[in-house]
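The values are calculated or read from the model by the stated rules, or taken from the named source; none is laboratory data. Predicted model, so just to flag it, every value in this text is computed and none were measured. Every residue, glycine among them, receives a Cβ derived from its backbone with ideal geometry; neighbour counts consider all protein chains shown.
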Amino acid sequence: MNMSEFSNVVELSSYTLRYYEKIGLLKHVQRNSSGHRVYSNKDIDWVSFIKRLKDTGMRLEEIKKYASLRDLGAQTVSDRQELLEKHREHLVEHIREQNEHLQALDVKIGLYKSRKVA
């Protein structure tokens with residue numbers, strides 16, 4: 001699929017996709033005889049994973065580190081696992097903090113609701 005189709009499928013702008021290529025997150029993108037990018041399902045899977053990591057709060061630098069390890073092959077599996085486990089720990093802590101904030105908001109909202117009744 002071409003850049004436009006790929007951009008629609010992964011829901012990222014062509015600018016972002018070119019940036020990901022430039023910084024080394026999106027490597028080995030095939031080109032057709034005219035020199036235009038041609039993306040595969042494998043590219044969709046990889047970009048979807050990048051987006052998931054970003055959505056969970058992983059910094060771009062960490063994602064680049066993961067991508068570099070991935071490019072080195074199977075010998076880096078334990079390093080990649082460790083990186084993801086550390087990120088998971090941060091994510092669990094973030095969720096815990098957000099739940100505390102949610103509870104505090106619920107208490108405040110409860111106070112307002114009880115005032116309307118009384």
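For the stretch 79-93, the criterion of being more than 23 Å from ILE23 (Cα to Cα), out of contact with any Lys or Arg (no Cβ under 6 Å at 6 or more places or on another chain) and hydrophobic (A, V, I, L, M, F, W, C) is met by at least one residue. The single condition among (1) under 18 Å from ASN2 (Cα atoms); (2) surrounded by 11 or more Cβ atoms within 10 Å (Cβ to Cβ); (3) among the charged types (D, E, K, R) that LYS22 does not meet is (2).
Out of SER114, SER68, SER78, one residue alone is in contact (Cβ under 8 Å) with a residue 40 or more places away in the chain, assigned to a helix (DSSP H, G or I) and small (Gly, Ala, Ser). It is SER68. Going by the conditions given, is ILE50 assigned to a helix (DSSP H, G or I), touching a Phe, Trp or Tyr at 6+ places or on another chain (Cβ under 9 Å) and more than 15 Å from MET1 (Cβ to Cβ)? So ILE50 passes the test. Among the residues of the stretch 60-90, write down those that are closer than 27 Å to GLN30 by Cα, among the charged types (D, E, K, R) and either in contact with a Cys (Cβ under 8 Å, 6 or more places away or on another chain) or surrounded by 11 or more Cβ atoms within 10 Å (Cβ to Cβ) (or both). Across the stretch 60-90, the qualifying residues are GLU62, LYS64, LYS65, ARG70, ASP71, ARG80. If only residues of the stretch 18-45 that are under 18 Å from ASP71 (Cβ atoms), touching a strand residue (DSSP E or B) at 6+ places or on another chain (Cβ under 9 Å) and outside any loop (DSSP other than H, G, I, E, B) are counted, the one that is modelled with the lowest pLDDT is GLN30.
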